[in-house]
Amino acid sequence: MFRKKKAIFDKINDYLIKKGHEMCMSIYLNNYNGNNIYIRFDYVKKMSVYKVVWVDLNFFNESRMEDYINSQMMTKFLAMKLVNKLTKEEHESCYDFNDDIIGDRVEVLTYFNEPREYVFDRFLPLGWDFLIDPLAMIFSYLPRGMEVFLNEIFGKYDQLEERYNYLKPVKFDLLHDDFNKLFKAQIIERGEKYFTGGKVSFLEKIENKYTAIVDGTVPYLVVLECVSDSHVLMWCNCKYPTFCKHIYAVIRAIREKKFNNFYKVRYIGSAQTLLDKVTVGNFYLCFGVEGDKLLLVTSEGNIFPANIMHKNKCVFEVIEDDDECSLSKYLEEVKEK
Ligand SMILES: [Zn+2]
């Protein structure tokens, strides 16, 4: 990924050199939450000022660089603090790669005394405290929205690693890995009860995604998306902030091949756009009914109750039912009412 983009860095560098910028430090957020952001701390000799420069490479047009390269002057006081701090810094280049993480790489280069490189995945490693102030100072000159990156980068220092790691692809072999790798003992115990109690009522694999409904106090939706051969994105709509008993129960069901397909329905009403968001191809996953509503699963992973009838017309047709044709029969009953 870095190599592919190198030409772009060279072009940005050439552009800034022409503007009289000398690079003191750069930070590259490489596929960080899907973002590619190039940030620099530059000295502009002819003006005797330091500037923070940033470019969002996901939205970059080489032919109109001046519109895409943003910069902001840093106050002299703060800039000198930053320079002094890093000039005195004696840390050699260091690297902290984490095989469990896809993307989310941060590449920091400094050009004080001699060029140095500090590269890590997702979280600034404990013990690299010397980078905390420089990063915080530079980020304070970036648009507000970029704070989220800084907060996550400092996740280890705030002890919020687990919170950030959840909702990201995690290295886990769904069929073979030890549950203890992700799940706490008491979650395993509770999840096991859910599984053996037959609470995983629907489970289906479509392409690279498992979708499941686990019956609890309310139905919980679990989605496990295999983003690569080794990494899975796991998600449940319950309130537990990390890998929960519902996800555990679903993985157990996958291992025991306890699949139970969802009902599939097609929307045949006229207000097509209303339901665009719940489409999976040209059908919707459905796990039951509640009064005059079908319980559908949206492609974003939400439960969406949809009216069966619209202006006295049934707006759904069943394209996959269970052996007893329960859903088709139910729709007939609703129609006759
Ligand atoms: Zn859950």
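The values are calculated or read from the model by the stated rules, or taken from the named source; none is laboratory data. Model, not experiment: these values are computed from the prediction. Ideal geometry is used to build each Cβ from the backbone, glycine not excepted, and the neighbour counts take in all protein chains shown. Ligands, DNA and RNA are stripped out before the accessible areas are found, and what is left, the full protein with its side chains, is counted by its heavy atoms. Shrake-Rupley method; radii C 1.70, N 1.55, O 1.52, S 1.80 Å.
Using the structure shown, decide if Lys51 is in contact (Cβ under 8 Å) with a residue 12 or more places away in the chain, among the charged types (D, E, K, R), within 19 Å of Ser140 (Cα to Cα) and open to solvent by 50 Å² or more (accessible area, probe 1.4 Å). No. Among the conditions (1) more than 16 Å from the ligand (Cβ to nearest atom); (2) surrounded by 15 or more Cβ atoms within 10 Å (Cβ to Cβ); (3) of a type in the set (Ser, Thr, Tyr), the only one that Thr211 does not satisfy is (1). Screening Glu189 with (1) assigned to a loop (DSSP other than H, G, I, E, B); (2) open to solvent by 80 Å² or more (accessible area, probe 1.4 Å) gives one miss only, at (1).
Could you please find all residues in the range 142-186 being open to solvent by 40 Å² or more (accessible area, probe 1.4 Å), of a type outside the set (Asp, Glu) and assigned to a loop (DSSP other than H, G, I, E, B)? Within the range 142-186, Pro143, Lys156, Tyr157, Gln159, Leu160, Leu167, Leu175, His176, Lys184 qualify. Within the range 227-265, being more than 9 Å from the ligand (Cβ to nearest atom), over 25 Å from Leu327 (Cα atoms), at pLDDT 95 or above and open to solvent by 20 Å² or more (accessible area, probe 1.4 Å) holds for Arg252, Arg255, Glu256. For beta carbons closer than 6 Å, sequence separation of 6+ or different chains, a first residue in the range 194-208 that is closer than 17 Å to Asp322 by Cβ and a second that is among the acidic types (Asp, Glu) and open to solvent by 30 Å² or more (accessible area, probe 1.4 Å), the qualifying pairs are Ser201/Asp215. Count of the range 72-118 residues, restricted to those that are within 19 Å of Met23 (Cα to Cα), assigned to a strand (DSSP E or B) and open to solvent by 60 Å² or more (accessible area, probe 1.4 Å), is 6.
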